[in-house]
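See below for the structure under consideration.
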Amino acid sequence: MSLQLVVDPIACDAHGTCAELLPELIVLDEWGYPIVDARPVPAHLEGHARRAVAACPVLALRLRRLRGA
Amino acid sequence: MSAPPHPTVAPPDATVVPRLIPHRPDASLGAHLARLGPPPRPTRSLVEQVEAAGVRGRGGAGFPTGVKMAAVAARSRTRGPIVVANGTEGEPASAKDQTLLVHVPHLVLDGMVAAAGAVGAREAILCVDRRHRHVVDAVGRAVGERQGRWADTVAVRVAQVPSRYVAGEESALVHWLNGGEAKPTSSPPRPFERGVDGRPTLVDNVETLAHVALVARFGAEWYRAIGTPDEPGTVLLTVGGHAARGGVYEVPSGVPLAALLDNAGAPLAELAGVLVGGYFGTWLDPATAAAVAVDHSSLRAVGGSLGCGVVFALPRGHCGLAETARIARWLAGEGAQQCGPCAHGLPAMAEAMEHLSAGGPGASRAHVRLHQLFVQVEGRGACRHPDGAVRMVRSALEVFAADAAAHAAGRPCPPAPAWLPTPAPGGWR
């Protein structure tokens, strides 16, 4: 089962914590909003991804199970 | 200022096919019944008929209507569904939904009742823009005429929606109907899962529902007799700009764009470009426009999109970049300001387009800047507003590339009057 990072763009307030914790998969645009890698999260980064999700102060970042993967 | 409803134009040639809108429209219930006969009894099997007919949504996306209806019908056992007819027509250059509602309101109401019966709904809401007073009046009159007839089947009411470009996006419409602001919401859930009052909600464009009403009467085979195999039936188009006989045209899907433009008095030889699909659409250069057919797949093949059926002719000697800059600025102001990349990116795109339009040293930097912005904006909103703006601006850079180079070299176009309409924003509630 693989996971994918998704951002709720309405909830996101550009705190930037996610990109600090997971620079491998998340970069910030010029206004500070995260651009997330939409590919399945590699197994060795799952723990970091979960920490990034938990650290978002507005709960805008989540992990979604990829169907059929 | 909103676009006036154009009367349908008498057909100078055979491209116009009056299925939805007759040549001499009469909005009364009596005339409607005399033309088409009584509406058939609502039936669940209409979902399969609509799927077999291949009706596609006419709000812009072109999604198969039968599939959407089936998704709502499948959820009807848990909670009673509801039908929302979207006649808000927030596209300033579009008049086809207003025309339909003013001239043939009963066909849309028939479609709402038929669709409600098909998905198991007992309630339907017809949404119109509250600034479109002629539409509000026409649909109010039509609903009144039906009082007491077929009253046992579906309760229909009219809702007057705030005038905003994004208010007609289906999640925004549902949010407003639920008492919120007319702004898009995060998905999931989608309206077909949980919409108005938390119920499964079928949101369909009013033209779509008018087609559904015809399928309910005459069947899938009749429906497929014209149009393309993949996109059957007719399509309502709003032809505007440099067009001697501009207006709303009902043509078979797949008609050559050049024939449509000729018919409307907008010969391609006189045009600098054609904006197809509305403000989320794409500019086409005259050579591309000359060879393309008006349907989703043909337009997609040349990098365009049919969208809501706007065909806007920009005459030669008018600057497509200046028009695009104005539309980009307007789209920036029409956003819901909820998603950062759109709230920041669209004003930045508008500014870069204004530099490009003005010419000089700013213009040569603007190109690079716009391409930086496209990748930071596209696909990053809760709705498709930022994607639509990127599509339109990107197409302008391609189609008006020679102008852009001239502007950057210090030869901007002379100022010209604005062509495309940019109405003042309304409220959110």
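The values are calculated or read from the model by the stated rules, or taken from the named source; none is laboratory data. In this text, all values refer to a predicted model and were calculated from it rather than measured experimentally. Positions of Cβ are generated from backbone atoms using ideal geometry, with glycine treated the same way; all protein chains shown enter the neighbour counts.
Restricting B:Ala61, B:Ala95 to residues that are hydrophobic (A, V, I, L, M, F, W, C), modelled with pLDDT of 95 or more and over 20 Å from B:Gly120 (Cα atoms) narrows the list to B:Ala95. When segment A:30-51 is filtered for residues that are without any contact (Cβ under 8 Å) to a residue 24 or more places away in the chain, in contact with a strand residue (DSSP E or B) (Cβ under 9 Å, 6 or more places away or on another chain) and within 13 Å of A:Cys12 (Cα to Cα), only A:Ile35 remains. What are the residues in segment B:333-362 that are surrounded by fewer than 23 Cβ atoms within 10 Å (Cβ to Cβ), touching a Pro at 6+ places or on another chain (Cβ under 8 Å) and either at pLDDT below 95 or within 14 Å of chain A (Cβ to nearest Cβ) (or both), if any? Passing the criteria: B:Gln338, B:Gly340, B:Ala358, B:Gly359, B:Gly360. Within segment A:11-25, the set of residues being on the phi < 0 side of the Ramachandran plot and either within 14 Å of another protein chain (Cβ to nearest Cβ) or not acidic (Asp, Glu) (or both) comprises A:Ala11, A:Cys12, A:Asp13, A:His15, A:Thr17, A:Cys18, A:Ala19, A:Leu21, A:Leu22, A:Pro23, A:Leu25. Does segment A:26-43 contain any residue that is part of a loop (DSSP other than H, G, I, E, B), out of contact with any Leu (no Cβ under 8 Å at 6 or more places or on another chain) and away from chain B (no Cβ under 14 Å)? Yes, that holds for at least one residue. I'd like to verify a number: residues in segment B:46-67 that are touching a residue at least 40 places away in the same chain (Cβ under 8 Å) and not in a helix (DSSP H, G or I), how many? Adding up the residues that qualify gives 8.
For segment B:36-57, the set of residues classified as modelled with pLDDT of 90 or more, more than 20 Å from B:Asn205 (Cα to Cα) and surrounded by 14 or more Cβ atoms within 10 Å (Cβ to Cβ) consists of B:Leu36 only.
Only one of the numbered conditions (1) at pLDDT below 95; (2) at negative phi is not met by B:Glu231, and that is (1). One residue stands out among those in segment A:52-66 that are loosely packed, with under 14 Cβ neighbours inside 10 Å and free of Cβ contacts under 8 Å to residues at least 60 places away in the same chain: the one that is farthest from the other protein chains (Cβ to nearest Cβ), which is A:Ala54. Count of segment A:7-46 residues, restricted to those that are surrounded by 15 or more Cβ atoms within 10 Å (Cβ to Cβ), within 17 Å of B:Gly381 (Cα to Cα) and either of a type in the set (Val, Ile, Thr) or touching a helix residue (DSSP H, G or I) at 6+ places or on another chain (Cβ under 8 Å) (or both), is 12. In segment B:363-397, of all residues being more than 21 Å from B:Ala336 (Cβ to Cβ) and not aliphatic (A, V, I, L, M), the one that is nearest to the other protein chains (Cβ to nearest Cβ) corresponds to B:Gln372. Only helices (runs of 4 or more DSSP H) whose full extent lies in segment B:262-366 are considered here, and the ones with at least 1 residues that are basic (Lys, Arg) and out of contact with any Asp or Glu (no Cβ under 6 Å at 6 or more places or on another chain) are B:296-301, B:320-334. In the set (1) within 12 Å of chain A (Cβ to nearest Cβ); (2) in contact (Cβ under 8 Å) with a residue 60 or more places away in the chain; (3) in contact with a helix residue (DSSP H, G or I) (Cβ under 8 Å, 6 or more places away or on another chain), B:Phe400 fails one condition alone, (1). Looking only at segment B:390-399, decide whether some residue is in a loop (DSSP other than H, G, I, E, B) and modelled with pLDDT of 90 or more. Within segment B:390-399 (the criterion being in a loop (DSSP other than H, G, I, E, B) and modelled with pLDDT of 90 or more), the answer is no, since none of the residues qualifies.
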